[in-house]
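The values are calculated or read from the model by the stated rules, or taken from the named source; none is laboratory data. Quantities reported herein were computed from a predicted structural model and do not represent experimental measurements. Every residue, glycine among them, receives a Cβ derived from its backbone with ideal geometry; neighbour counts consider all protein chains shown.
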Amino acid sequence: MRQQQSIVYVIDDDEAVRESVTDLLRSVGHDVQSFRSAQEFLDNSRPDAPACIVLDVRLPGQSGTEFQRRLAKSDTHLPIIFISAHGDIPMSVRAIKSGAIEFLTKPLNEQELLDAVQTGLARDRTRREEAKLAAEFQERWEQLTPREREILKLIVTGRPNKQIAAEVGLSEMTVKVHRSHVMQKMRATSLVDLVRMADKLGITKAAP
């Protein structure tokens with residue numbers, strides 16, 4: 001059984017290539033949706049699931065590389081595997097530098113394509129899991145009082161309670177209470193765990 005439903009989008013104006021890639025991916029158990037152009041892909045709704053795109057470089061209308069840039073600007077982070085019968089080294093380098101997973105030339109090596117798709121889906125699963133965690137951490141952060149947030153920023157620097165108390169003008173006992181509330185609300189099991197959450201939230205550590 002699959003860990004989580006996933007989907008591969010194939011975008012290629014060549015019907016024969018589109019069908020052969022789709023058949024190959026389905027033969028190993030992938031769910032696939034295919035499109036003749038980037039615009040057709042954009043015009044269709046997509047399920048909320050891990051995914052990647054197998055994308056031809058040369059397409060009618062918007063090219064594959066232009067589409068890649070458009071997705072990046074729209075904050076859509078689907079991993080892309082480029083395929084092309086006309087690719088060259090500078091083009092492939094630009095595509096990889098812009099975030100593509102792989103640049104494969106036609107006729108395609110089936111195993112290379114399957115491996116690239118597996119990498120793309122795994123990368124998108126990881127991205128989605130990290131985004132979900134970040135959202136959960138943000139929700140916990142928002143439950144903290146302003147004072148607890150202040151204390152958290154000092155806790156993650158490794159300062160002892162006594163030093164924190166001196167800096168914020170509270171008693172050491174009060175700092176201990178705030179620290180306990182912070183750990184409970186953030187559901188942190190240790191200082192290391194709390195530091196990891198703060199890092200994911202982009203919380204700046206105060207200088208010691």
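Here are a few things to note about the model shown:
- Among the conditions (1) under 19 Å from D23 (Cβ atoms); (2) without any contact (Cβ under 8 Å) to a residue 40 or more places away in the chain, the only one that S45 does not satisfy is (1).
- Taking every residue in the stretch 74-86 that is touching a residue at least 24 places away in the same chain (Cβ under 8 Å) and within 12 Å of I101 (Cα to Cα) and pairing it with any residue that is hydrophobic (A, V, I, L, M, F, W, C) and assigned to a loop (DSSP other than H, G, I, E, B), at least 6 positions away or on another chain, the pairs with Cβ-Cβ distances below 6 Å are P79/I101; I80/A100; I81/I101; F82/V57; F82/A100.
- Within this structure, A72 fails the test of being closer than 19 Å to I7 by Cα, at pLDDT 85 or above and of a type in the set (G, A, S).
Here's the yes/no breakdown for (1) outside the structural domain of A49 (by TED's automatic domain parsing); (2) small (G, A, S):
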site	(1), (2)
I101	no, no
L104	no, no
P107	no, no
G120	no, yes
R127	no, no
E136	yes, no
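- Residue match in the stretch 7-14 (condition: out of contact with any strand residue (DSSP E or B) (no Cβ under 6 Å at 6 or more places or on another chain), surrounded by fewer than 19 Cβ atoms within 10 Å (Cβ to Cβ) and either free of Cβ contacts under 8 Å to residues at least 40 places away in the same chain or under 30 Å from K132 (Cβ atoms) (or both)): no
- Set H86, H77: member being more than 25 Å from the chain's Cα centre (by Cα) and assigned to a loop (DSSP other than H, G, I, E, B): H86
- Single condition D31 does not satisfy, out of (1) within 17 Å of F103 (Cβ to Cβ); (2) modelled with pLDDT of 95 or more: (1)
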